[in-house]
Structures are given as structure tokens and as C-alpha cells.
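Below is a structure I'd like to ask you about.
The values are calculated or read from the model by the stated rules, or taken from the named source; none is laboratory data. Not measured: the values here are computed from a predicted model. Here the Cβ positions follow ideal geometry from the backbone for every residue, glycine too, while neighbour counts run over all protein chains shown.
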């Protein structure tokens, strides 16, 4: 059953639509003008709005704009007895789901409503899925070091500034990059990740900039690179300290000119990409060793964000444990397990060289091997059995 709002200054139209739609098991409210319609819409949740265009006090197009400001996902169907193609086009451009002329063809109206409701349900489901996905990328913690990172993200994300994220392996540098993208004006555009350490040096330029057919032995067809794939969005260059010097030179040029050239081509392609880079290396030392270009470093490090190791924020372990237990138990389709305060204390004694990545793996191991409650003895037995055994030897 859908909740539908009908806005029309003609009483006969309002009453007819109300009767027909209620017969189809919908809940219907009516308004005699745009102002009343907006008031009703603001005070309740509606799945669909049917709105006349020619009305006193407020034009239907203005009502449409106001409704979509209040609730961008709502479907609005415009109806009019004085419609023209220009009016219909304007309504669709402003965000209307459809435009129907009077006298109303009830069969077409019901089909349009059904399609509009399908679209509304898909929009809502997409938002729910996005929220579920975003939980996977949550930055969990209330310690001072992590709060500083979150504060930096909030300040920097809305800007176009390039960001260099530093920190040890497994600390969550990718999460910082993702949230910088999600909280930026580019959030609706692609977030493209390149792990520079995982790509052979002879292929990194092709991966970043693409290549033309025949430019090298295995180039069987034209291929666009990550810069083009991220156009309008964010390109995350993970482990940039492992990038070859020749690729660094091309990246520097792309940052300076906002243009790239595919391997095997002299044609320049304009790109609009925000760069976020990350590394676990000390790039100043890499510069001194002639492994990293100093000019590229200064281009990338407009903003520096350092992600603390887990050992630097042990007070976050209770929150992290609860977060991962909820998430992992949900993945396995099992009831959420509890963890004792003594078990938390044992987790806080461990030297987390693998940081958050290692911590999550340990929690997953404990969930699999422990009973309904994870206790201290199980942490001692299962968290790091090999290293602890070797320490006691």
C-alpha cells in the first residue's frame, strides 16, 4: 500500500483520484493548492505525489521544486489540462517522474503510479545498501589520535586539496581515502583505487594512463587507464612510495596540466581527478635515496593525514571489538557473541604489528573457535598462539 498526496485545485479531479486510488488499496490525502500540499508533505511521509501544474497561489513547477528539496527521492507525477511539449520537458528536467495530460486516462495513470512506486522502492533499497556498504568502511574509535583524523577528514573532504595519507600497514589508510571521497562534492562520481605496489613497474604506466592497441606486445586493443576511469571523481594511489620513477614523472605532469597521454599515443586527454595518495614508507628518506621525486611529494602532500597504529590507540579496542563482532557474526548469520572485559584486557596486551587488519582477523578467529561468550582464556589460546608459544619457549 502506497501513501499518495494529490495536489489539484479542481475538486472533481481531487475526489475522482482519491476514489480511484483508494479503491486500489492506497492511502490518499488531498490538497487544493500548492501551499497546502507542501504543508501536508512536510508533516508526513508520502511515497508519491500527483501535482497539477496550473494552480492558484503557487505554480505546480515551483511546488515540484519545493517537494524535491524536502525529499529528493520522492516520485512526483505532474498532471495538466493545459500541457504542451515544452511544459512536459520542463517538468521532467526539474525532476518530475512523468507528465500526464487531462482528461486523465486512468489505465495510463495507474501504470505510471506503479512504475513510479517501483522506482521509489529501488531508490530506498539503494540507499539502504549504500548505508550497509558504508558501515564496512566505518572508522571506529573515540581516542584522541583517531578523533584528530576524523576532524581532518571533515575539514579537508569538501575541498579539492590533494591529500597524502601516511601510516603503517593495516592501519586503515584506505578508509581515510574513501571517507575523503564520500564527504566530498565528488561523492557521486567514481572512486578508483590503484595499488602501486601490486602492479609490476613495466605495467604501472599502462594501468594509470591506458594504452593504444599495438603499443606493446600484449596490447591487443585500446584500453583506458585509471585516470580516465576516475574522471570527475577520486583516484586513490595506494602505496605510492613503490611507484617507479618514470611513472612518477608522468603522474607529476598529469597533476600539473590535468592532461594525460596513453602509452603509445601522443594525443592528450583532459582529466578532472582529485588525487589521494597513501604510503607506509617515509617518503623523505625515499627522496634522499633518490627513490622518490621531491617535486611530486610536494604536489601530493598539500594536506598530510597520519593514521595512528592500533598500539597508539589501545583505548579504542573495546569499540573495535564490538564493531567487528557485530559485523562478522552478521556475515556468518549467527547471533552476536559477547566478549568479557577480561578478554578485552588481554587483547589490549597484544603487540598489534598488523594493526586493524590483524585485529579483525583475530576477532574472526575468536568468533569461529569460541563459544557464545569470548573470554580471556580463549584470547590467550587463539589470538596469537604461535608467537606466544615461541615467547614462552
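Taking residue 106, is it assigned by TED's automatic domain parsing to the domain that holds residue 12, touching a residue at least 60 places away in the same chain (Cβ under 8 Å) and farther than 18 Å from residue 63 by Cα?
It is true that residue 106 is assigned by TED's automatic domain parsing to the domain that holds residue 12, touching a residue at least 60 places away in the same chain (Cβ under 8 Å) and farther than 18 Å from residue 63 by Cα.
Across the range 68-88, which residue is surrounded by the fewest Cβ atoms within 10 Å (Cβ to Cβ) among those that are at pLDDT 85 or above and under 19 Å from residue 112 (Cα atoms)?
The selected residue is 68.
How many residues does the range 147-189 contain that are more than 20 Å from the chain's Cα centre (by Cα) and either outside any loop (DSSP other than H, G, I, E, B) or farther than 26 Å from residue 324 by Cα (or both)? Walk me through how you get there before you give the answer.
Let us first name the residues in the range 147-189 that are more than 20 Å from the chain's Cα centre (by Cα), namely 147-148, 166-170.
Remaining after also requiring either outside any loop (DSSP other than H, G, I, E, B) or farther than 26 Å from residue 324 by Cα (or both): 147-148, 166.
Count: 3.
Sticking with this structure for a sec: Give the residues of the range 191-205 that are surrounded by fewer than 16 Cβ atoms within 10 Å (Cβ to Cβ) and either touching a helix residue (DSSP H, G or I) at 6+ places or on another chain (Cβ under 8 Å) or outside any strand (DSSP E or B) (or both), sorted by residue number. Explain how you work it out, then say what you get.
Of all residues in the range 191-205, those surrounded by fewer than 16 Cβ atoms within 10 Å (Cβ to Cβ) come to 195, 197-198, 200-203.
Listed by number, the residues that qualify are 197, 198, 200, 201, 202, 203.
If a residue has to be over 30 Å from residue 27 (Cβ atoms) and modelled with pLDDT of 85 or more to count, how many in the range 114-166 make the cut?
Total satisfying the criteria: 28.
Find the strands (runs of 3 or more DSSP E) located wholly in the range 224-270 whose residues include 1 or more that are surrounded by fewer than 19 Cβ atoms within 10 Å (Cβ to Cβ) and touching a strand residue (DSSP E or B) at 6+ places or on another chain (Cβ under 9 Å), and list them.
259-261, 268-270
Right, another one. Please determine, by comparing only the residues of the range 271-282 that are part of a loop (DSSP other than H, G, I, E, B) and within 18 Å of residue 229 (Cβ to Cβ), which one is farthest from the chain's Cα centre (by Cα).
Within the range 271-282, the match that is farthest from the chain's Cα centre (by Cα) is 271.
So for the range 4-22 (the condition being within 36 Å of the chain's Cα centre (by Cα), part of a helix (DSSP H, G or I) and either surrounded by fewer than 13 Cβ atoms within 10 Å (Cβ to Cβ) or in contact (Cβ under 8 Å) with a residue 60 or more places away in the chain (or both)), does at least one residue qualify? Show your work before the answer.
To start, the set of residues in the range 4-22 that are within 36 Å of the chain's Cα centre (by Cα) comprises 4-7.
Applying the additional criterion that residues be part of a helix (DSSP H, G or I) yields none.
No - not one qualifying residue is present in the range 4-22.
While we're on this one: Report yes if residue 46 is buried (at least 19 other Cβ atoms within 10 Å of the Cβ) and in contact (Cβ under 8 Å) with a residue 24 or more places away in the chain, otherwise no. Even if it seems obvious, please write down each step before you answer.
Values: buried (at least 19 other Cβ atoms within 10 Å of the Cβ): yes; in contact (Cβ under 8 Å) with a residue 24 or more places away in the chain: yes.
In short, yes.
For every residue, the table says whether it meets (1) closer than 23 Å to residue 226 by Cα; (2) in the same structural domain as residue 253 (by TED's automatic domain parsing); (3) assigned to a loop (DSSP other than H, G, I, E, B); (4) out of contact with any helix residue (DSSP H, G or I) (no Cβ under 6 Å at 6 or more places or on another chain).
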residue: 284; (1), (2), (3), (4): no, yes, no, yes
residue: 290; (1), (2), (3), (4): no, yes, yes, yes
residue: 297; (1), (2), (3), (4): yes, yes, no, no
residue: 318; (1), (2), (3), (4): no, no, no, no
residue: 322; (1), (2), (3), (4): no, no, no, yes
residue: 326; (1), (2), (3), (4): no, no, no, yes
residue: 335; (1), (2), (3), (4): no, no, yes, yes
residue: 347; (1), (2), (3), (4): no, no, no, no
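In the range 348-364, which residue that is under 31 Å from the mean Cα position of the chain (by Cα), without any contact (Cβ under 8 Å) to a residue 40 or more places away in the chain and surrounded by 16 or more Cβ atoms within 10 Å (Cβ to Cβ) is nearest to residue 140 (Cα to Cα)?
Going through the qualifying residues, I end up with 360.
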